[in-house]
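Chemist: Mind looking over this structure? Questions follow.
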Amino acid sequence: MQRERNDKNGRAEDPRNQFKINRRIKSHTVRLVGDNIEQQGVYSLDEALRLAESLEMDLVEISPNADPPVCKIIEFQKFIYQQKRRQKEMKANATKVVVKEIRFGPNTDEHDFNFKLKHAEKFLQEGAKVKAFVFFKGRSILFKEQGEILLLKFADALEEVGKVEQLPKLEGKRMTLFISPRKK
């Protein structure tokens, strides 16, 4: 059974410091849930603690905002392990957004444009977002209309595989366009 230890300031030390266990639970009544309880329901805190002690386990508050708070009789280390594993699974299942960048100059010729267009098409089919930008060096900022036309032509050519997320926008010496893949 997990025993609570106090540090020099009187605070209970537990690995996550976010769950209340045993005597740290403040409510007078608790709702017990779990596999090792024959009759789940509302118990007084003393009764729930006695039950946990008889099973040589801990009383862990899993939902403090409920009325009454929901508690589970389980070994605290096992509970912490399950929480970590659940968070790790959620993180693994989260979709990761990949952003591929494609760079143009304001005077990009047709061959280079088509070459980069094919790459962008491949990226969108793989499920990645595309960030296309025209980079203006020195006095080439005078051709910002030309850069905007180039990006709009690029977005138009990718209309079948992607949708424009953000229209061309000038930020400093870069004009940027975001395209995300279409759902299949």
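Only the coordinates and a few stated rules stand behind these numbers; no lab work does. Just so it is clear, the model here is predicted, and its values are computed rather than measured. Positions of Cβ are backbone-derived with ideal geometry, glycine not excepted, and every protein chain shown enters the neighbour counts.
Chemist: Go through the stretch 107-174 and name the trypsin sites (Lys or Arg not before Pro) that are in a DSSP coil and have 16 or fewer other Cβ atoms within 10 Å of their Cβ. Walk me through the intermediate numbers first.
Modeler: On the way: sites: 116, 118, 122, 129, 131, 137, 139, 144, 153, 163, 169, 173, 174; in loops: 137, 173.
Qualifying residues, ordered by number: 137, 173.
Chemist: What list of whole percents do you get for P(r) of the stretch 37-76, with Cα-Cα distances grouped in 10 Å bins up to the one holding the largest distance?
Modeler: Distribution as computed: 30, 61, 9 percent.
Chemist: Any idea what angle helix 76-93 forms with the longest principal axis of the chain, computed on alpha-carbon atoms, 0 to 90 degrees, nearest 10?
Modeler: 20 degrees
Chemist: Once both labels are modelled 7 Å past Cα along the beta-carbon direction, what's the residue 81-residue 23 spacing in nm?
Modeler: Taking the simple label geometry, residue 81 and residue 23 are separated by 2.7 nm.
Chemist: While we're here: Give me the Kirkwood hydrodynamic radius of the stretch 94-141 in Å, from all C-alpha pairs, to one decimal place? Mind dumping the intermediate values first?
Modeler: Values: mean 1/r = 0.0838 Å⁻¹.
It works out to 11.9 Å.
Chemist: While we're looking at this one, here's another question. Could you tell me the largest-minus-smallest coordinate of the C-alpha atoms of the stretch 22-91 on each of the three principal axes, in descending order and whole angstroms?
Modeler: 37, 26, 22
Chemist: If R₀ is 41 angstrom, what is the calculated FRET efficiency for the pair residue 46 and residue 89, using the beta carbon separation as r and rounding to 0.05? It would help to have the intermediate numbers written out before the result.
Modeler: On the way: r = 36 Å, r/R0 = 0.88.
Once rounded, the FRET efficiency stands at 0.70.
Chemist: A follow-up question, please. Which of the lysines could a cross-linker span from residue 72 if the Cα-Cα distance has to be under 22 Å and same-chain partners fewer than 8 positions apart are dropped?
Modeler: 20, 26, 84, 88
Chemist: Would you mind telling me the antiparallel percentage of the DSSP bridges in the stretch 50-184, rounded to 5? Display every interim value, and only then the final one.
Modeler: Details: 18 of 24 bridges.
If we restrict to bridges inside the stretch 50-184, about 75 percent are antiparallel.
Chemist: Another one. On a full-extension model of 0.36 nm per residue, what is the gain between residue 126 and residue 54, subtracting their alpha-carbon distance, rounded to one decimal in nm?
Modeler: Details: separation 72, 0.36 × 72 = 25.92 nm, distance 5.63 nm.
This chain segment gains 20.3 nm when fully extended.
Chemist: Give the longest segment of the chain that steers clear of GluC sites (Glu not before Pro) in DSSP loops with at most 16 neighbouring Cβ atoms within 10 Å, not counting the sites themselves. Walk me through the numbers before you get to the answer.
Modeler: On the way: sites that count: 4, 13, 38, 56, 75, 126, 159, 160.
The longest uninterrupted stretch comes out as 76-125.
Chemist: Taking every DSSP beta bridge that has both residues in the stretch 22-91, what percent is antiparallel when rounded to the nearest 5? Mind dumping the intermediate values first?
Modeler: Values: 9 of 12 bridges.
Restricted to the stretch 22-91, the bridges split so that about 75 percent are antiparallel.
Chemist: Hey, another quick one. Measure nothing fancy, just the Cα-based angle from helix 110-125's long axis to the longest principal axis of the chain, in degrees from 0 to 90, nearest 10.
Modeler: Taking the Cα atoms of the chain, the angle to 110-125 is about 20 degrees.
Chemist: Mind putting together the pair-distance distribution for the chain? All Cα pairs, 10 Å bins, whole percent per bin, short to long.
Modeler: All Cα pairs considered, the percentages come to 8, 25, 15, 7, 10, 17, 14, 4, 0.
Chemist: Whole-Hz Karplus ³J(HN,Hα) for the stretch 41-50, in order, using 6.51 cos²θ - 1.76 cosθ + 1.60 and θ = phi - 60°, x for Gly and Pro?
Modeler: x, 8, 10, 6, 4, 4, 5, 5, 5, 4
Chemist: What number, in percent, do you get for the relative contact order of the chain if the mean sequence gap of Cα pairs under 8 Å and at least 6 apart is divided by its residue count?
Modeler: Working: 264 pairs, mean separation 27.6, N = 184.
Contact order relative to length: 15 percent.
Chemist: Straight distance only, please: which lysines reach the Cα of residue 116 with their own Cα at less than 19 Å, same-chain residues fewer than 8 apart left out?
Modeler: 100, 129, 131, 153, 163
Chemist: In vacuum, with every alpha carbon of the stretch 89-184 counted as one equal point scatterer, what does the Debye formula give for log10 I(q)/I(0) at q = 0.10, 0.24 Å⁻¹? Two decimals, please.
Modeler: The Cα Debye sum returns log10 ratios of -0.28, -1.22.
Chemist: Assuming 0.36 nm per residue, please report the length gained on full extension of the stretch residue 174 to residue 114 beyond their Cα-Cα distance.
Modeler: On the way: separation 60, 0.36 × 60 = 21.60 nm, distance 2.06 nm.
This chain segment gains 19.5 nm when fully extended.
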